Amino acid sequence: MPAKRHKKGPTKGSGGKHRRALEGKSSTLPAEQRHWYEDKQRAKAAKRPKPSPRAEQRSRTEKRQRKVDSDLLVGRNPVVEALRAGMPATRLFLVNSLDPDNRVTEAARLAGDQGVDVVEVNRTDLDRRCESNGQPDAAHQGVALQTRPYQYWQPEALLDAARESKTPALIVVLDGVTDPHNLGAIIRSATAFGAHGVVIPERRSAGVNMTAWKTSAGTLARMPVAQVTNLNRTLEFFKKESLFAVGLDAAGDTPLPGLELATGPLVLVVGAEGKGLSRLVRENCDEVVNIPIGDAESLNASVAAGVSLYEVARLRAGQPE
């Protein structure tokens, strides 16, 4: 059967039947001129599920942490300590006409030796830089260091470094410490009392930011910090490597003074203020100890860590009570 041929030439049209459909439409009215617009928006908002108070608090905390997280380290002591440790940096800002100070002189010398640009600015300019980096109330003391992002360690590297020291390994693990001020203060105590490293989880925890650097008074430049995805798995790793895990909790069964495990390789686990250790972390500890206190309900996490680290250092040195 021969193929059907298509007819060429003019075809039948609509005869203007759909002319209006081809015409352009008029412009949309602005929102303020649409009387139904506000009612529609209110109806949409009413249908959205209201977030729980805990979710709202978590959102505010995350925003606050993002705000304080910056690459500008301020203050004379933190800046000098960071430069002494060779912390990766790009620029050192100094306010012109500063009062003579050995720390400022040393910071400028160290920056020059390390190839860090030294830039003189006026106080207003440095105030503005601090504000743009989320630190509007920062007491920069006329000195600020622009740094690179912190490079976290691996738990295995912490343990290797601890085994190279002359003292038994001492690792501090933080469970749910979300305040960067507490993180910085704990790192400062860990450095003072001979710890070899600090471990923090990736989630629900403060990270190394400029607030932590500032609170640590620069000791963060000498104290390695590891960030892990699973805290319990990390505790299991340390325990397999012959370290004892001792949790610090107000509801612990063993009093801290005279802790027998203090003189051996140790992981000291510090919980959040108020709620203490999480259930799984507590179960992973070989022993849970408490600090005997008076009428206070609990201690701040950084204070509790400092007291515990001092007691461990005292017991290791064989000092009498």
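So, Gln151, is that one exposed (fewer than 13 other Cβ atoms within 10 Å of the Cβ) and either at pLDDT below 90 or touching a strand residue (DSSP E or B) at 6+ places or on another chain (Cβ under 8 Å) (or both) or not? So that I can check it myself, show each step before the final result.
On the way: exposed (fewer than 13 other Cβ atoms within 10 Å of the Cβ): yes; either at pLDDT below 90 or touching a strand residue (DSSP E or B) at 6+ places or on another chain (Cβ under 8 Å) (or both): yes.
The answer is yes for Gln151.
Residues in segment 86-115 that are closer than 20 Å to Arg128 by Cα and under 31 Å from the mean Cα position of the chain (by Cα): Ala89, Thr90, Arg91, Leu92, Phe93, Leu94, Val95. Selection of segment 72-93 for residues being open to solvent by less than 20 Å² (accessible area, probe 1.4 Å) and either β-branched (Val, Ile, Thr) or closer than 18 Å to Asp125 by Cα (or both) yields Leu72, Leu73, Val74, Gly75, Val79, Val80, Leu92, Phe93.
Within segment 169-182, the set of residues being out of contact with any Ser or Thr (no Cβ under 7 Å at 6 or more places or on another chain) and at pLDDT below 95 comprises Asp179 only.
Taken together, Ala139, Ala144 contain a single residue that is closer than 30 Å to Val303 by Cα, of a type in the set (A, V, I, L, M), exposed (fewer than 14 other Cβ atoms within 10 Å of the Cβ) and at pLDDT below 95, which is Ala139. Listed by first and then second residue, the pairs linking a residue in segment 143-163 that is of a type in the set (Ser, Thr, Tyr) to a residue that is open to solvent by less than 10 Å² (accessible area, probe 1.4 Å) and modelled with pLDDT of 90 or more, with Cβ atoms under 7 Å apart and 6 or more places separating them unless they lie on different chains, are Tyr152/Val225; Tyr152/Ala226. Close contacts from segment 288-312, counting a first residue that is free of Cβ contacts under 8 Å to residues at least 24 places away in the same chain and of a type in the set (S, T, N, Q) and a second that is outside any loop (DSSP other than H, G, I, E, B) and open to solvent by 20 Å² or more (accessible area, probe 1.4 Å), with Cβ to Cβ under 7 Å and a gap of 6+ residues or different chains, come to none at all. Scanning segment 154-176 for residues that are surrounded by fewer than 22 Cβ atoms within 10 Å (Cβ to Cβ) and either under 12 Å from the mean Cα position of the chain (by Cα) or among the polar types (S, T, N, Q) (or both) yields a count of 3. For segment 264-281, the set of residues classified as open to solvent by 20 Å² or more (accessible area, probe 1.4 Å) and not in a loop (DSSP other than H, G, I, E, B) consists of Arg279, Leu280, listed by residue number.
The values are calculated or read from the model by the stated rules, or taken from the named source; none is laboratory data. Please read these numbers as outputs of a predicted model, since none were measured by experiment. Here the Cβ is made from the backbone with ideal geometry for all residues, glycine too, and neighbour counts use every protein chain on show. What goes into the accessible areas is simple: the full protein's heavy atoms, side chains included, and nothing from ligands, DNA or RNA. Shrake-Rupley method; radii C 1.70, N 1.55, O 1.52, S 1.80 Å.
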